[in-house]
Amino acid sequence: MQNDSFRSIILLMNDKDEELIEKYKNGENNALQILINRYTSHIYNYSLRFVGDFNAPDIVQEVFIKVWKNLKKFNEKKSSFKTWLFVIARNTIIDFLRKKKMKTFREFDNEEEAFEETLADEAILPSEAMEKLEDEKRLNELLEKMPIEYREVLILYYQEEMTFKEIGETLGKPLNTVKSYHHRAVLKLREEIAPNYYS
Amino acid sequence: MDSDLKKAFQKAVYYSESRLSENIWHLILAKENRRNKIRAWVYSITSVLSFAVLIPIGKNMFSKFSLNGFGEYISLLFSDSSIIVTYWKEFSLSLINSIPFVSFALSMTFLFVLFLSLRGAIIQFKNRLLIA
(Lines give C-alpha, C1' and ligand atoms only; values in the text may rest on other atoms or scores of the structure.)
Protein backbone atom coordinates (compact mmCIF):
# COMPACT_ATOMS: atom_id res chain seq x y z
CA MET A 1 0.00 0.00 0.00
CA GLN A 2 2.78 2.42 1.02
CA ASN A 3 4.82 1.31 -2.00
CA ASP A 4 1.89 2.10 -4.30
CA SER A 5 1.55 5.56 -2.82
CA PHE A 6 5.31 6.14 -3.17
CA ARG A 7 5.22 4.98 -6.79
CA SER A 8 2.32 7.26 -7.62
CA ILE A 9 4.20 10.22 -6.10
CA ILE A 10 7.28 9.42 -8.20
CA LEU A 11 5.12 9.22 -11.33
CA LEU A 12 3.45 12.55 -10.56
CA MET A 13 6.74 14.37 -9.99
CA ASN A 14 7.36 14.93 -13.69
CA ASP A 15 3.89 16.31 -14.33
CA LYS A 16 3.34 19.98 -15.08
CA ASP A 17 1.42 22.12 -12.57
CA GLU A 18 -1.74 22.14 -14.66
CA GLU A 19 -1.65 18.36 -15.07
CA LEU A 20 -1.27 17.94 -11.32
CA ILE A 21 -4.23 20.24 -10.68
CA GLU A 22 -6.34 18.26 -13.12
CA LYS A 23 -5.36 15.03 -11.35
CA TYR A 24 -6.12 16.54 -7.95
CA LYS A 25 -9.54 17.62 -9.22
CA ASN A 26 -10.09 14.00 -10.30
CA GLY A 27 -9.42 12.76 -6.80
CA GLU A 28 -5.66 12.11 -6.82
CA ASN A 29 -4.69 13.69 -3.50
CA ASN A 30 -0.96 13.08 -3.96
CA ALA A 31 -0.94 15.64 -6.76
CA LEU A 32 -1.43 18.39 -4.18
CA GLN A 33 1.45 17.02 -2.15
CA ILE A 34 3.72 17.36 -5.19
CA LEU A 35 2.58 20.95 -5.73
CA ILE A 36 3.31 21.75 -2.09
CA ASN A 37 6.77 20.18 -2.29
CA ARG A 38 7.47 22.01 -5.53
CA TYR A 39 6.57 25.49 -4.30
CA THR A 40 7.26 25.55 -0.54
CA SER A 41 10.76 26.95 -0.97
CA HIS A 42 9.60 29.56 -3.50
CA ILE A 43 6.85 30.86 -1.22
CA TYR A 44 9.13 30.68 1.81
CA ASN A 45 11.82 32.74 0.07
CA TYR A 46 9.25 35.29 -1.12
CA SER A 47 7.50 35.57 2.26
CA LEU A 48 10.71 35.84 4.24
CA ARG A 49 11.60 39.02 2.35
CA PHE A 50 8.58 40.78 3.82
CA VAL A 51 7.78 39.11 7.13
CA GLY A 52 11.15 37.77 8.29
CA ASP A 53 12.34 34.23 8.89
CA PHE A 54 10.36 33.78 12.09
CA ASN A 55 6.95 34.38 10.48
CA ALA A 56 7.67 32.99 7.00
CA PRO A 57 6.79 29.32 7.81
CA ASP A 58 3.37 30.41 9.14
CA ILE A 59 2.73 32.40 5.99
CA VAL A 60 3.73 29.45 3.79
CA GLN A 61 1.39 27.19 5.77
CA GLU A 62 -1.50 29.64 5.45
CA VAL A 63 -0.87 30.05 1.73
CA PHE A 64 -1.06 26.31 1.08
CA ILE A 65 -4.17 25.92 3.20
CA LYS A 66 -5.80 28.61 1.04
CA VAL A 67 -4.56 26.75 -2.05
CA TRP A 68 -6.07 23.50 -0.77
CA LYS A 69 -9.40 25.23 -0.07
CA ASN A 70 -9.57 26.90 -3.48
CA LEU A 71 -7.69 24.60 -5.84
CA LYS A 72 -10.86 23.06 -7.24
CA LYS A 73 -11.99 26.55 -8.27
CA PHE A 74 -8.67 27.37 -9.97
CA ASN A 75 -9.10 28.33 -13.61
CA GLU A 76 -6.00 27.74 -15.70
CA LYS A 77 -7.41 29.89 -18.51
CA LYS A 78 -7.19 32.97 -16.30
CA SER A 79 -3.60 32.58 -15.11
CA SER A 80 -0.85 30.07 -14.52
CA PHE A 81 -0.77 28.19 -11.22
CA LYS A 82 2.46 29.91 -10.21
CA THR A 83 0.97 33.38 -10.74
CA TRP A 84 -2.18 32.37 -8.85
CA LEU A 85 -0.07 30.99 -6.01
CA PHE A 86 1.97 34.16 -5.72
CA VAL A 87 -1.18 36.29 -5.73
CA ILE A 88 -2.41 34.23 -2.76
CA ALA A 89 0.99 34.57 -1.07
CA ARG A 90 1.06 38.32 -1.63
CA ASN A 91 -2.46 38.78 -0.24
CA THR A 92 -1.62 36.62 2.77
CA ILE A 93 1.49 38.70 3.45
CA ILE A 94 -0.48 41.95 3.10
CA ASP A 95 -3.12 40.65 5.55
CA PHE A 96 -0.41 39.57 7.97
CA LEU A 97 1.40 42.91 7.82
CA ARG A 98 -1.86 44.79 8.21
CA LYS A 99 -2.77 42.74 11.27
CA LYS A 100 0.67 43.25 12.79
CA LYS A 101 0.66 46.88 11.65
CA MET A 102 4.19 46.33 10.41
CA LYS A 103 3.55 48.06 7.13
CA THR A 104 0.64 50.02 5.81
CA PHE A 105 -1.35 48.58 2.95
CA ARG A 106 -0.59 51.64 0.84
CA GLU A 107 3.07 50.78 0.83
CA PHE A 108 2.19 47.60 -1.01
CA ASP A 109 -0.21 49.30 -3.32
CA ASN A 110 1.45 52.45 -4.51
CA GLU A 111 -0.11 54.63 -7.14
CA GLU A 112 0.72 53.74 -10.67
CA GLU A 113 3.82 55.50 -11.90
CA ALA A 114 4.72 56.22 -15.48
CA PHE A 115 7.64 54.48 -17.08
CA GLU A 116 10.50 56.92 -17.54
CA GLU A 117 12.64 56.16 -20.54
CA THR A 118 15.02 58.97 -19.69
CA LEU A 119 16.67 57.01 -16.91
CA ALA A 120 20.23 55.86 -17.41
CA ASP A 121 20.96 52.59 -19.16
CA GLU A 122 20.50 49.73 -16.71
CA ALA A 123 22.50 47.29 -18.78
CA ILE A 124 25.88 48.56 -17.63
CA LEU A 125 27.25 47.14 -14.42
CA PRO A 126 30.99 47.20 -13.65
CA SER A 127 32.69 43.91 -12.91
CA GLU A 128 33.59 45.21 -9.45
CA ALA A 129 29.87 45.71 -8.75
CA MET A 130 29.01 42.29 -10.07
CA GLU A 131 31.55 40.77 -7.70
CA LYS A 132 29.82 42.52 -4.81
CA LEU A 133 26.50 41.17 -5.99
CA GLU A 134 27.86 37.65 -5.93
CA ASP A 135 28.07 37.92 -2.17
CA GLU A 136 24.52 36.71 -1.39
CA LYS A 137 24.58 38.23 2.09
CA ARG A 138 25.27 41.66 0.65
CA LEU A 139 22.58 41.23 -1.98
CA ASN A 140 20.03 40.22 0.63
CA GLU A 141 20.95 43.25 2.74
CA LEU A 142 20.50 45.50 -0.27
CA LEU A 143 17.15 43.92 -1.03
CA GLU A 144 15.98 44.52 2.51
CA LYS A 145 16.71 48.22 2.13
CA MET A 146 14.74 48.48 -1.10
CA PRO A 147 11.18 49.84 -1.23
CA ILE A 148 8.67 46.99 -1.13
CA GLU A 149 7.44 47.33 -4.71
CA TYR A 150 11.02 47.24 -6.10
CA ARG A 151 11.90 44.28 -3.91
CA GLU A 152 8.85 42.36 -5.09
CA VAL A 153 9.62 42.93 -8.76
CA LEU A 154 13.28 41.95 -8.38
CA ILE A 155 12.46 38.75 -6.52
CA LEU A 156 9.73 37.71 -8.91
CA TYR A 157 11.79 38.57 -11.97
CA TYR A 158 15.22 37.24 -11.03
CA GLN A 159 14.48 34.51 -8.52
CA GLU A 160 11.11 33.26 -9.69
CA GLU A 161 11.94 33.96 -13.32
CA MET A 162 8.51 35.34 -14.03
CA THR A 163 7.83 37.49 -17.09
CA PHE A 164 6.80 41.14 -16.64
CA LYS A 165 3.29 40.14 -17.68
CA GLU A 166 3.11 37.48 -14.96
CA ILE A 167 4.51 39.92 -12.40
CA GLY A 168 1.86 42.43 -13.44
CA GLU A 169 -0.84 39.80 -12.89
CA THR A 170 0.63 38.90 -9.50
CA LEU A 171 0.89 42.47 -8.27
CA GLY A 172 -2.27 43.64 -10.00
CA LYS A 173 -0.32 46.36 -11.82
CA PRO A 174 -0.14 47.34 -15.49
CA LEU A 175 2.80 46.07 -17.55
CA ASN A 176 4.42 49.52 -17.87
CA THR A 177 4.33 50.06 -14.12
CA VAL A 178 6.07 46.73 -13.57
CA LYS A 179 8.71 47.62 -16.15
CA SER A 180 9.15 50.98 -14.50
CA TYR A 181 9.59 49.39 -11.06
CA HIS A 182 12.09 46.92 -12.48
CA HIS A 183 14.06 49.67 -14.20
CA ARG A 184 14.21 51.80 -11.08
CA ALA A 185 14.97 48.84 -8.85
CA VAL A 186 17.94 47.85 -10.99
CA LEU A 187 19.19 51.45 -11.02
CA LYS A 188 18.84 51.66 -7.27
CA LEU A 189 20.67 48.39 -6.86
CA ARG A 190 23.41 49.66 -9.12
CA GLU A 191 23.75 52.88 -7.16
CA GLU A 192 23.96 50.98 -3.92
CA ILE A 193 26.62 48.53 -5.00
CA ALA A 194 28.78 50.93 -6.98
CA PRO A 195 28.05 54.48 -5.82
CA ASN A 196 31.43 55.87 -6.94
CA TYR A 197 31.12 54.46 -10.41
CA TYR A 198 27.90 56.30 -11.11
CA SER A 199 28.44 59.55 -9.21
CA MET B 1 23.62 42.00 -17.21
CA ASP B 2 20.24 40.33 -16.89
CA SER B 3 21.76 36.85 -16.74
CA ASP B 4 24.46 37.99 -14.28
CA LEU B 5 21.81 39.47 -12.02
CA LYS B 6 19.75 36.31 -12.36
CA LYS B 7 22.74 34.23 -11.28
CA ALA B 8 23.44 36.50 -8.32
CA PHE B 9 19.81 36.44 -7.23
CA GLN B 10 19.57 32.68 -7.58
CA LYS B 11 22.51 32.37 -5.18
CA ALA B 12 20.75 34.57 -2.65
CA VAL B 13 17.63 32.39 -2.36
CA TYR B 14 16.58 31.46 1.18
CA TYR B 15 15.66 27.82 1.67
CA SER B 16 13.01 26.60 4.06
CA GLU B 17 13.67 23.85 6.58
CA SER B 18 13.34 20.49 4.89
CA ARG B 19 10.31 19.32 6.88
CA LEU B 20 8.19 22.40 6.20
CA SER B 21 6.39 21.02 3.14
CA GLU B 22 5.86 17.68 4.88
CA ASN B 23 4.37 19.42 7.93
CA ILE B 24 2.05 21.47 5.73
CA TRP B 25 0.92 18.32 3.90
CA HIS B 26 0.15 16.55 7.19
CA LEU B 27 -1.76 19.58 8.43
CA ILE B 28 -3.82 19.65 5.23
CA LEU B 29 -4.53 15.91 5.53
CA ALA B 30 -5.71 16.39 9.11
CA LYS B 31 -7.93 19.29 8.06
CA GLU B 32 -9.32 17.31 5.13
CA ASN B 33 -10.04 14.37 7.40
CA ARG B 34 -11.87 16.64 9.84
CA ARG B 35 -13.82 18.29 7.02
CA ASN B 36 -14.81 14.89 5.59
CA LYS B 37 -15.88 13.72 9.03
CA ILE B 38 -18.12 16.77 9.56
CA ARG B 39 -19.56 16.46 6.06
CA ALA B 40 -20.19 12.73 6.52
CA TRP B 41 -22.11 13.47 9.72
CA VAL B 42 -24.13 16.28 8.13
CA TYR B 43 -25.00 14.12 5.12
CA SER B 44 -25.89 11.14 7.32
CA ILE B 45 -28.16 13.21 9.56
CA THR B 46 -29.79 14.80 6.51
CA SER B 47 -30.36 11.33 5.03
CA VAL B 48 -32.02 10.05 8.19
CA LEU B 49 -34.14 13.18 8.59
CA SER B 50 -35.26 13.25 4.97
CA PHE B 51 -36.09 9.54 5.14
CA ALA B 52 -38.10 10.10 8.36
CA VAL B 53 -40.03 12.95 6.74
CA LEU B 54 -40.46 11.04 3.48
CA ILE B 55 -42.40 8.17 5.12
CA PRO B 56 -45.50 10.16 6.29
CA ILE B 57 -45.42 12.42 3.23
CA GLY B 58 -45.22 9.37 0.94
CA LYS B 59 -48.04 7.64 2.80
CA ASN B 60 -50.13 10.78 2.54
CA MET B 61 -49.42 11.02 -1.17
CA PHE B 62 -50.44 7.40 -1.85
CA SER B 63 -53.64 7.74 0.18
CA LYS B 64 -54.52 10.91 -1.77
CA PHE B 65 -53.85 9.12 -5.05
CA SER B 66 -56.25 6.32 -4.08
CA LEU B 67 -58.86 8.74 -2.65
CA ASN B 68 -58.87 10.73 -5.88
CA GLY B 69 -59.33 7.53 -7.90
CA PHE B 70 -56.06 7.81 -9.76
CA GLY B 71 -55.70 4.01 -9.80
CA GLU B 72 -59.13 3.54 -11.42
CA TYR B 73 -58.31 6.00 -14.15
CA ILE B 74 -55.07 4.18 -14.88
CA SER B 75 -56.78 0.76 -14.99
CA LEU B 76 -59.40 2.24 -17.33
CA LEU B 77 -56.57 3.34 -19.58
CA PHE B 78 -55.45 -0.26 -20.00
CA SER B 79 -58.87 -1.99 -19.95
CA ASP B 80 -61.08 0.15 -22.20
CA SER B 81 -59.07 2.40 -24.44
CA SER B 82 -61.97 3.00 -26.85
CA ILE B 83 -63.81 5.11 -24.20
CA ILE B 84 -60.65 7.08 -23.59
CA VAL B 85 -60.25 7.79 -27.31
CA THR B 86 -63.87 9.05 -27.46
CA TYR B 87 -63.78 11.08 -24.24
CA TRP B 88 -60.05 11.89 -24.19
CA LYS B 89 -60.58 15.50 -23.08
CA GLU B 90 -62.72 14.61 -20.06
CA PHE B 91 -60.49 11.67 -19.23
CA SER B 92 -57.28 13.68 -19.22
CA LEU B 93 -58.85 16.44 -17.12
CA SER B 94 -60.10 13.89 -14.56
CA LEU B 95 -56.71 12.18 -14.53
CA ILE B 96 -54.93 15.47 -13.88
CA ASN B 97 -57.47 16.36 -11.17
CA SER B 98 -56.78 13.05 -9.43
CA ILE B 99 -53.07 13.85 -8.96
CA PRO B 100 -52.33 15.35 -5.50
CA PHE B 101 -49.76 17.87 -6.74
CA VAL B 102 -48.69 19.32 -3.39
CA SER B 103 -47.92 16.02 -1.67
CA PHE B 104 -46.42 14.67 -4.91
CA ALA B 105 -44.04 17.66 -5.17
CA LEU B 106 -43.16 17.38 -1.48
CA SER B 107 -42.43 13.67 -1.76
CA MET B 108 -40.26 14.17 -4.82
CA THR B 109 -38.33 16.97 -3.09
CA PHE B 110 -37.58 14.86 -0.03
CA LEU B 111 -36.70 11.88 -2.20
CA PHE B 112 -34.25 14.08 -4.09
CA VAL B 113 -32.73 15.36 -0.81
CA LEU B 114 -32.46 11.77 0.44
CA PHE B 115 -30.59 10.61 -2.66
CA LEU B 116 -28.29 13.63 -2.65
CA SER B 117 -27.40 13.26 1.02
CA LEU B 118 -26.88 9.51 0.67
CA ARG B 119 -24.58 10.12 -2.27
CA GLY B 120 -22.72 12.79 -0.28
CA ALA B 121 -22.35 10.54 2.74
CA ILE B 122 -20.98 7.67 0.63
CA ILE B 123 -18.45 10.01 -1.05
CA GLN B 124 -17.29 11.38 2.31
CA PHE B 125 -16.88 7.92 3.83
CA LYS B 126 -14.95 6.85 0.74
CA ASN B 127 -12.69 9.94 1.01
CA ARG B 128 -12.05 9.23 4.66
CA LEU B 129 -11.05 5.68 3.84
CA LEU B 130 -8.71 6.93 1.09
CA ILE B 131 -7.00 9.43 3.41
CA ALA B 132 -6.72 6.88 6.21
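Brief remarks on what is shown
- Of the set (1) within 11 Å of chain B (Cβ to nearest Cβ); (2) surrounded by fewer than 21 Cβ atoms within 10 Å (Cβ to Cβ); (3) aliphatic (A, V, I, L, M), all apply to A:Val60 but (2).
- Flag for B:Lys31 being free of Cβ contacts under 8 Å to residues at least 24 places away in the same chain and either out of contact with any Lys or Arg (no Cβ under 6 Å at 6 or more places or on another chain) or surrounded by 14 or more Cβ atoms within 10 Å (Cβ to Cβ) (or both): yes
- For B:Ser92, the test of being within 30 Å of the chain's Cα centre (by Cα) and either touching a residue at least 60 places away in the same chain (Cβ under 8 Å) or in a helix (DSSP H, G or I) (or both) is failed.
- Taken over the range A:143-189, the criterion of being under 18 Å from A:Leu48 (Cα atoms), among the aliphatic types (A, V, I, L, M) and touching a residue at least 40 places away in the same chain (Cβ under 8 Å) is satisfied by A:Leu143, A:Met146, A:Ile148, A:Ile155, A:Leu156, A:Leu171.
- Total residues in the range B:1-21, condition modelled with pLDDT of 85 or more, hydroxyl-bearing (Ser, Thr, Tyr), in a loop (DSSP other than H, G, I, E, B) and surrounded by 14 or more Cβ atoms within 10 Å (Cβ to Cβ): 1
- Scanning the range B:1-56 for residues that are of a type in the set (Phe, Trp, Tyr) and either more than 7 Å from chain A (Cβ to nearest Cβ) or at positive phi (or both) returns B:Trp41, B:Tyr43, B:Phe51.
- Options B:Trp41, B:Trp25: the member that is of a type in the set (Phe, Trp, Tyr) and either under 30 Å from A:Arg38 (Cβ atoms) or surrounded by fewer than 12 Cβ atoms within 10 Å (Cβ to Cβ) (or both): B:Trp25
The values are calculated or read from the model by the stated rules, or taken from the named source; none is laboratory data. Treat the numbers as computed from the prediction; the structure is a model and nothing was measured. Note: ideal-geometry Cβ built from the backbone for every residue, glycine included; neighbour counts use all protein chains shown.
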